[in-house]
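A.B. asks: Dropping a structure here in structure tokens format, bear with me for questions.
What follows is calculated from the coordinates using simple rules that are stated; it is not laboratory data. This is a predicted model, so every value here is computed, not measured. In this analysis, Cβ positions are derived from the backbone assuming ideal geometry, glycine residues included, and neighbour counts consider all displayed protein chains.
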Amino acid sequence: MKVKLLEPNWNSGVSIVNLPHSELIARGILCLLLDVDGTLLPRTDHKISIPVKNWIHTAKSYFRIHLISNNPSKNRIKKIAEQLNLSYSYKASKPSRKELIGFINKTGEKKETLAIIGDRIFTDILAGNRLGIYTILVKPTNSDGFANLNSKVQNFEIKLSLLMGALKK
Ligand SMILES: [Mg+2]
């Protein structure tokens, strides 16, 4: 595996609610693929926080949005998608590109104007980079919608990627 494939195009250092929509617009992004667990809410939560809802609400006026989760529970992802009134894929098996390609084929979205936003380097970022779409790494989100800076999983992945030379300090 090429280590470059682990490097997000944008290592934002913030959670999704602090990603400026204007920055995405300026980069020519028209469509967002969003990871769910960790990115929109903690894995064990069921309700989307108000800050995340607000961010999505504003984002909807600029971008087409689709949820793409590795979670095998259709019930969970469906309920979350309903809270946000968004389309979704579950059991996506990222870093496999299969679901992403399926989405592109179904919707006709262009790779050049597509971005994936997620909290995991070895699933979300790797899947997006393998497909050649714009990749954004965010900090995991807490129940209140704001960043969890002490995520053991993300800190481990960042350390590993640094060791592999995929990320710059
Ligand atoms: Mg995640």
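A.B. asks: Might you let me know whether segment 97-106 holds any residue that is aliphatic (A, V, I, L, M) and surrounded by 19 or more Cβ atoms within 10 Å (Cβ to Cβ)?
C.D. replies: Scanning segment 97-106 turns up at least one residue that is aliphatic (A, V, I, L, M) and surrounded by 19 or more Cβ atoms within 10 Å (Cβ to Cβ).
A.B. asks: Would you confirm, using the coordinates I've provided, whether Ile136 is in contact (Cβ under 8 Å) with a residue 60 or more places away in the chain and either closer than 22 Å to Lys53 by Cα or part of a loop (DSSP other than H, G, I, E, B) (or both)?
C.D. replies: yes
A.B. asks: Okay, moving on. Within segment 46-65, is there a residue that is polar (S, T, N, Q), more than 16 Å from Thr135 (Cα to Cα), within 14 Å of the ligand (Cβ to nearest atom) and not in a strand (DSSP E or B)?
C.D. replies: No, because not a single residue in segment 46-65 is polar (S, T, N, Q), more than 16 Å from Thr135 (Cα to Cα), within 14 Å of the ligand (Cβ to nearest atom) and not in a strand (DSSP E or B).
A.B. asks: Say we look at segment 4-36 and pick out the residues that are charged (D, E, K, R) and in contact (Cβ under 8 Å) with a residue 40 or more places away in the chain; which of these is nearest to the ligand (Cβ to nearest atom)?
C.D. replies: Out of the qualifying residues, it is Asp35.
A.B. asks: If a residue must be within 16 Å of the ligand (Cβ to nearest atom), assigned to a loop (DSSP other than H, G, I, E, B) and touching a helix residue (DSSP H, G or I) at 6+ places or on another chain (Cβ under 6 Å), how many such residues does segment 141-169 contain?
C.D. replies: The qualifying residues number 1.
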